[in-house]
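Notes follow the structure.
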Amino acid sequence: MKAVILVGGEGTRLRPLTYSTPKPMVPILNRPFLEHMLSYMKSHRIDDVILALCYLPDHIRDYFGDGGDFGVKLSYVVESSPLGTAGAVKNVAQHLDETFFVFNGDVFTDMNLSEMLETHRRKSAKATIALTPVDDPSMYGVVETDADGRVKRFVEKPRREEATTNMINAGTYILEPSLLEYIPSNENYMFERGLFPLLLERGEPFYSFSSQAYWIDIGTPEKYMKVNNDLLTGKIATDFPGSVHKKNVWAEEGHKIHPKANIDGPVVIGRDCFIEAHARVVGPSVIGPHCYIGAGSLVEKSIVWHNVAIGKDTKIRQCIIADAVNIGEGCDIAAGCIIGNNASIEDNALLSPETKIMPGTEISASHSSGC
């Protein structure tokens, strides 16, 4: 089965994490988000995947190669400029000669794709859109359907009291290749405002697949942290990397955790990590590969990427720390801080809540509080 994944966006809502890391490569439990997607798709026999790329494509291509190591066949098509959701699919049309899935590259879900495909075929649909319920549909475009699940209309961000449904577009579609004729070539063209209204206008068999499965858009720091926490706390079934170090703590090979360190799960610890005596890691937390946590330091409810060094007696709470960050001794990094790749935080620096540090920035103790 074939699929297109739309992974061309710049991930602006996740900045500063995505200035030098494309959104599909942000780590979730120490594996790129896209790797989780491919594993999920493969479990539903989707093994021929076309990646529609635009932003930092080499980062993705260098990691995944031809897909063989991940049990799938990968093809890459790079846009010279953004083409929109439907335009990106049209741009890979040479690969699409059979029924295919389309996935937004920032949605983490465990909905049953096999059931969705069975529904598409049973109804002889030309297009099927996955729907998911939300508490407040006024933040989204809702999708109205009839009793048989046929799509009737799209309503963009209705008032909460005026919404006729709480079912929204879940960012997963099944299309027949004949629909590609409706999409203009080399133009920025969207499913939501272009192709889907056109299908309704022309009376094409356009159906929905409603699912109560787990669903989240990882495109903001808050939701990115939430999906990691939900995996760690068992709200979504997953295989944890490494082996069990102790109850609710998983550690990969090469780790060195001092007997007097205190690890309170759920926590995932990457390979070759070194955690000193009297350091404390409190879950839900993820510590990436090749990280160092100094004696007496605290990392609480945080996500730490690769190659991060944290000096002794430093406190980090509810933060996201990107790759190759160096944090000195005696620092206090308050809740909600996000530190970009290759930043350096001097000894005894204090960062106020919700501070965002751009990649490569050097923060001194004397200027830290107002950053």
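Observations on the structure shown:
- Given (1) within 20 Å of ARG193 (Cα to Cα); (2) open to solvent by 50 Å² or more (accessible area, probe 1.4 Å); (3) among the β-branched types (Val, Ile, Thr), number of the condition VAL102 does not satisfy: (2)
- Breaking point among (1) in contact with a Gly (Cβ under 7 Å, 6 or more places away or on another chain); (2) polar (S, T, N, Q); (3) at pLDDT 95 or above, for THR119: (1)
- Among (1) within 20 Å of PRO221 (Cα to Cα); (2) in contact (Cβ under 8 Å) with a residue 24 or more places away in the chain; (3) not β-branched (Val, Ile, Thr) - the single one GLY294 does not satisfy: (1)
- Qualifying residues in the range 142-172 (those that are open to solvent by less than 20 Å² (accessible area, probe 1.4 Å) and closer than 21 Å to ILE5 by Cβ) - the one farthest from the chain's Cα centre (by Cα): ILE168
- Qualifying residues in the range 267-284 (those that are free of Cβ contacts under 8 Å to residues at least 40 places away in the same chain and assigned to a strand (DSSP E or B)) - the one most open to solvent (accessible area, probe 1.4 Å): ARG280
- In the set (1) buried (at least 16 other Cβ atoms within 10 Å of the Cβ); (2) touching a Phe, Trp or Tyr at 6+ places or on another chain (Cβ under 8 Å), LYS235 fails one condition alone, (1).
- Residue within the range 63-75 that is part of a loop (DSSP other than H, G, I, E, B), touching a His at 6+ places or on another chain (Cβ under 8 Å) and open to solvent by 20 Å² or more (accessible area, probe 1.4 Å) present: no
- Top-ranked residue in the range 129-141 [being assigned to a loop (DSSP other than H, G, I, E, B) and under 29 Å from THR99 (Cβ atoms); ranked as most open to solvent (accessible area, probe 1.4 Å)]: TYR140
- Looking only at the range 19-62, and only at residues there that are among the hydroxyl-bearing types (Ser, Thr, Tyr) and closer than 26 Å to ALA251 by Cα, the one that is most open to solvent (accessible area, probe 1.4 Å): SER43
The values are calculated or read from the model by the stated rules, or taken from the named source; none is laboratory data. None of the values given here were measured: they were computed from a predicted structure. Note: ideal-geometry Cβ built from the backbone for every residue, glycine included; neighbour counts use all protein chains shown. Heads up: the accessible areas ignore ligands, DNA and RNA and are worked out on the full protein's heavy atoms, side chains in. Shrake-Rupley method; radii C 1.70, N 1.55, O 1.52, S 1.80 Å.
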